[in-house]
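This report concerns only the one structure given below.
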Amino acid sequence: MAGSIKIFVEGEADEKFISDYISYLYEIDISEDVIKLGGWEGIKDGGMINQFKKNTDNLGTNLIIIDADSDVEERRLTIRSIIDKNEITASLFLLPNNAEEGDLETLLERIINGHNSQIFDCWEKYEYCLSEINIEGRVKPLTIPAKKSKIYSYIEALVDDSNAQKKLIKDPNRNYKNTEHWNLESDSLSDLHGFFDSVFN
């Protein structure tokens, strides 16, 4: 295929996961071509639009991989509208599987190494416990930590307490090819795998 493949994602966690997954599938390093939008609305930024157009002009391929969030079809229509309005050429994939609501963290929850599932069992008990607590004088219920915190805590539970290992918890330092933590052969990745196969094969 002539030209380069540019992959536009929301943030650091997406950038690292997508780079690692493509490296795992095709044994290539595409990390320099994975571009952070700074959230899905970053696609509307003039500089980003210029990057899309420049890559298209150079016979490249543009991929957009962002979170579906709470309404898959609304997100798809919104992005398609931006693509059409700005005359961008790009293929779109909505995480977790291009069909269901959710995000990167939804997908990551589904691809943990099954031997570690008890960690999430503990987390669910923690969430339930927080939801049941009534603190005298407090009007609002306690805040349940975000899914990003759940993934962070999952990795933190698996690494030791050395500084080198603690660094691996952060988004840009994670190793999604570490089979002790992740299963990149999970059926939950089949739709994303197919999306990439249509471009890289």
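Values in this text are rule-based calculations from the coordinates and carry no lab data. Because the structure is a prediction, the values reported are computed rather than measured. Virtual Cβ from ideal backbone geometry, glycine too; neighbours counted across all protein chains shown.
Miscellaneous remarks
- CD proxy at 222 nm, helix term only [per DSSP H run n ≥ 4: -39500 (n - 2.57); per residue of the chain; nearest 500]: -14000 deg cm²/dmol
- Counting charges near D84 (Lys, Arg +1; Asp, Glu -1) among other residues having Cβ under 14 Å from its Cβ returns a value of +4.
- Taking the charge dipole of the chain about its Cα centre, with +1 at Lys and Arg Cβ atoms and -1 at Asp and Glu Cβ atoms, the residue from I82, F196, F17 reaching farthest to the positive side is I82.
- The chain: angle of helix 72-85 to the longest principal axis, Cα-based, in degrees nearest 10: 30 degrees
- For K150, a cut-off of 26 angstrom between C-alpha atoms picks up these lysines, skipping any fewer than 8 places away in its own chain: K16, K36, K125, K140, K166, K167, K170, K177.
- Residues I18, I35, arranged from fewest to most other Cβ atoms within 10 angstrom of their Cβ, appear as I35, I18.
- Sorting the segments 163-173, 132-142, 100-110 by their mean number of nearby beta carbons within 10 angstrom, highest to lowest, gives 100-110, 163-173, 132-142.
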